[in-house]
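Have a look at the structure below, then the notes.
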Amino acid sequence: MTPEITEGQTPAIQAPQNGMDRFIAGIEWIAAGFVGLVAADIFISVMLRYFFSYSIPDGYDFGRLFLGILIFWGIAATSYRGAHITVDLVWENVSLKYKRAIDIFATLVLLLVVTVQTIMLFDKVVQTRAQHVLTYDLQLPTWPFFLVAWLGDVAAVLLIAVRTFRLVFYPHRVNEEHVNDPVE
């Protein structure tokens, strides 16, 4: 039995209920891990430079490659929840029926755009591997980093497809544990 939530209350975060919810939560944890990895890379690089006048070999390359990975996994994490920045001037002033139609249309457009982006990024992975692009100091191949970023984009396409499906057939399942609190 689900406890009733009154206006102004924030529901407690519940454990994922099924396989798809666990998959979604896993994508969010992977994105959070890359945030930590980028933050650690920056922090360690700055501390080593400031206190020891030493830089990590390929520190700049790792930083930019990890940041690229973070961006694509972040797209995956925010796309399902709809937690990205939005301007809802029209949406706020229409009936529930039209809100749902706007949500479905917007999610379909997002699905199209991210699918095309995923196809183009896969081409970039293939080209980077074929051209044997390497990091500057350690001469490591960069294509595996591009591949991990592409996997984040694939995860985004899957999550947007799941969001679209749920918006059409199970609208109550989308964002059920998240409350949209306006920023004041």
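Does D88 satisfy being over 19 Å from the mean Cα position of the chain (by Cα), outside any helix (DSSP H, G or I) and farther than 30 Å from R22 by Cβ? Here the answer is no, as D88 does not meet what is asked. The combined condition, being touching a helix residue (DSSP H, G or I) at 6+ places or on another chain (Cβ under 8 Å) and assigned to a helix (DSSP H, G or I), is fulfilled by D103.
Among residues of region 43-59 that are free of Cβ contacts under 8 Å to residues at least 40 places away in the same chain, those with a Cβ under 8 angstrom from a residue that is among the aromatic types (F, W, Y) and part of a helix (DSSP H, G or I), sequence gap 6+ or separate chain, pair up as I56/F62. Of all residues in region 78-127 being small (G, A, S) and at pLDDT below 85, which is surrounded by the most Cβ atoms within 10 Å (Cβ to Cβ)? Among residues in region 78-127 that are small (G, A, S) and at pLDDT below 85, the one surrounded by the most Cβ atoms within 10 Å (Cβ to Cβ) is S79.
Please verify whether L167 is modelled with pLDDT under 95, over 17 Å from the mean Cα position of the chain (by Cα) and not in a loop (DSSP other than H, G, I, E, B), treating the condition exactly as stated. Step through it out loud before you land on a result.
Working: modelled with pLDDT under 95: yes; over 17 Å from the mean Cα position of the chain (by Cα): yes; not in a loop (DSSP other than H, G, I, E, B): yes.
So L167 passes the test.
The values are calculated or read from the model by the stated rules, or taken from the named source; none is laboratory data. What you are looking at is a predicted structure, and each value in this text was computed from that prediction instead of being measured. In this analysis, Cβ positions are derived from the backbone assuming ideal geometry, glycine residues included, and neighbour counts consider all displayed protein chains.
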